[in-house]
Amino acid sequence: MADFIAGALGGACGVMVGYPLDTVKVRIQTQKNYNGIWHCIHSTYKMESVSGFFKGMSMPISTVSVSSSIVFGVYRNFLYQLCKLKYGTADIKPSKLDIFVSGYTAGAAQALVSSPADMAKVRLQTQTFPRHSSTCSLVAGPKYTGPIHCIITIVREKGFFGLYKGCSALMFRDCHSFATYFLSYAVFREWFVPVEQGSSELWGVLLSGGSAGVVAWGIATPMDVIKSRLQVDGVSQQKYRGVVHCITESVRQEGITVLFKGLSLNCLRAFPVNMVVFLTYEVLVKKIKLITS
């Protein structure tokens, strides 16, 4: 239970730290009218002010808490049961393969839960609408007024399974990235945190969490681009028939580099976000176990 609670609070803290850059990343990946990161930031601020960077954040704060809780809870419990099954006891250092498989399972579990919220987040982030307009009476309002309205609209237009558009790409992204995430964190933690766990433990956790986030997003970015494009596809017109068609069309039109759009932003955002996530998680797990012991 401690892992589920600590994971939920760690995820919520991570969202608050990284959401503005996530909005910029999604827009760069899905829209062709930006020349780069700074052009996107400048255009978003000029058109929508600071609030434009936080579009759709209320849904991720709650849902990322749930999905992060699932990720850490499933990971720790699956790893615990796996070690008991393989070695007869959980009080043993797991192998790198054990950690990888447990992370892979955790990624699959959370993808199924987070897909609807992620769909609403991406749709809201890519919905641009001037905050102030002298001709507002002549301009149609935004299609979605908020996360709940976005979800209801998608269900009304596409049915319940419309919320899971791009879920296969999301699943592929999260399974591999979370497997890499937990494995790299374990490796970095061995490097940065000495066995004695002295005064350097805090910085070791911060560096390990941040580095693990960067490695995981390096693996996840290509499928993250495809996932985002599939999720916004169909707002105005249908372009892609599925994951493979989206990949081939995107590469054909924009070159192989299209799969790495937002990579620098993902890595830039991942370091501070996952520093916060793992530090919050590690501290809370210890506190909760201390209280309940």
Check your understanding: Taking the alpha-carbon centroid of each part, what is the distance from the range 204-268 to the range 72-105 in angstrom?
Key -> 29
Point to revise | Degrees separating the helix 96-125 axis from the principal Cα axis of the chain, which is the longest one | key: 20
**Study point:** Gain on full stretching of the segment that runs from residue 237 to residue 254 - 0.36 nm per residue minus C-alpha separation
**Key:** 4.2 nm
Review point. Tilt of helix 167-192 relative to the longest C-alpha principal axis of the chain, in degrees (0 to 90, nearest 10)?
Key: 40
Check your understanding: Relative to the first principal axis of the alpha-carbon coordinates of the chain, what is the inclination of helix 2-30, with its axis defined by its Cα atoms, in degrees from 0 to 90 and to the nearest 10?
Key -> 30
Point to revise | Accessible surface of the chain [probe 1.4 Å, protein heavy atoms]: carbon and sulfur percent | key: 68
Point to revise | Label-point gap, in nm, between residue 149 and residue 108 - each point 7 angstrom along Cα→Cβ | key: 3.9
Check your understanding: So between residue 289 and residue 160, what do we pick up on full extension, going 0.36 nm a residue minus the alpha carbon distance?
Key -> 42.5 nm
Practice item. Would you please give the FRET efficiency between residue 1 and residue 202, computed as 1/(1 + (r/R0)^6) with r the Cβ-Cβ distance and R0 = 25 Å, to the nearest 0.05? Key: 0.50
Exercise for review: Return the lysines within reach of residue 289: Cα separation strictly under 30 angstrom, same-chain partners fewer than 8 residues apart disregarded; answer none if there are no such residues.
Suggested key: 84, 86, 93, 96
Check your understanding: How many angstrom separate the Cα center of the range 10-58 from the Cα center of the range 138-194?
Key -> 15
Check your understanding: Heavy-atom accessible area per residue, the range 1-116, 1.4 Å probe: how many Å²?
Key -> 47
Check your understanding: Based on the Cα gyration tensor of the range 226-293, what are the three equivalent ellipsoid semi-axes, each the root of five times an eigenvalue, rounded to whole Å and given largest first?
Key -> 40, 16, 9
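According to the Cα gyration tensor, what semi-axes, each the square root of 5 times an eigenvalue, does the equivalent ellipsoid of the range 1-125 have, listed from largest to smallest in whole Å?
37, 14, 11
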Exercise for review: Compare the peptides 148-154, 262-268, 44-50 by average per-residue count of other Cβ atoms within 10 angstrom and give them in order, highest first.
Suggested key: 262-268, 148-154, 44-50
Check your understanding: Just from the alpha-carbon atoms, what are the Rg and Dmax of the chain in angstroms?
Key -> 20.0, 71
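The values are calculated or read from the model by the stated rules, or taken from the named source; none is laboratory data. As the structure is a computational prediction, the values presented were derived from the model and not from experiment. Virtual Cβ from ideal backbone geometry, glycine too; neighbours counted across all protein chains shown. The accessibility values were calculated without ligands, DNA or RNA, using every heavy atom of the protein model including side chains. Shrake-Rupley method; radii C 1.70, N 1.55, O 1.52, S 1.80 Å.
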